[in-house]
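One structure is given here, and the rest of the page talks about it.
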Amino acid sequence: STANAPEEDAPNRYSRTERTTYSRYSRDANSSGSSLPSNTLEKRIEELERELAKERQENARLMKIAQDKEELIGKLKEEIDLLNR
């Protein structure tokens with residue numbers, strides 16, 4: 001489980017970076033006189049953040065399933081070894 005620790009930290013690291021990036025885009029768009037109103041951009045950012053959160057949840061769920069299956073495979077291999085002896 002220690003090997004998975006860096007991957008579990010990754011979502012936190014990315015969300016800080018993404019928030020910074022979103023803020024930068026919002027400022028740049030406002031300063032350059034973008035054709036899209038800032039509230040439209042903010043709504044789109046919120047929508048993308050929600051979608052990202054859902055995808056991260058699904059990714060975490062799938063990683064847990066994969067880890068559980070790997071553990072089961074290990075246990076079954078041990079059992080096979082015992083039966084072969």
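Of note:
- Under 19 Å from the Cα of K64 - lysines, other chains or at least 8 residues apart: K54, K75
- Radius 14 Å from Cβ of L72, net charge of other residues (Lys, Arg +1; Asp, Glu -1): -1
- Sites I73 and E47, calculated FRET efficiency, Cβ-Cβ separation with R0 30 Å, nearest 0.05: 0.15
- Legend: P(r) of the range 38-84 from all alpha carbon pair distances, 5 Å bins from 0, whole percents, reading 5, 19, 11, 12, 9, 8, 9, 6, 7, 4, 4, 3, 1, 1.
- At R0 = 41 Å, FRET efficiency that the Cβ-Cβ distance of D81 and K54 yields, to 0.05: 0.50
Every number here is computed from the coordinates shown, using simple stated rules; none is lab data. Remember, it's a predicted structure, so these values are computed and weren't measured experimentally. Cβ atoms come from the backbone with ideal geometry, glycine included; neighbour counts cover every protein chain shown.
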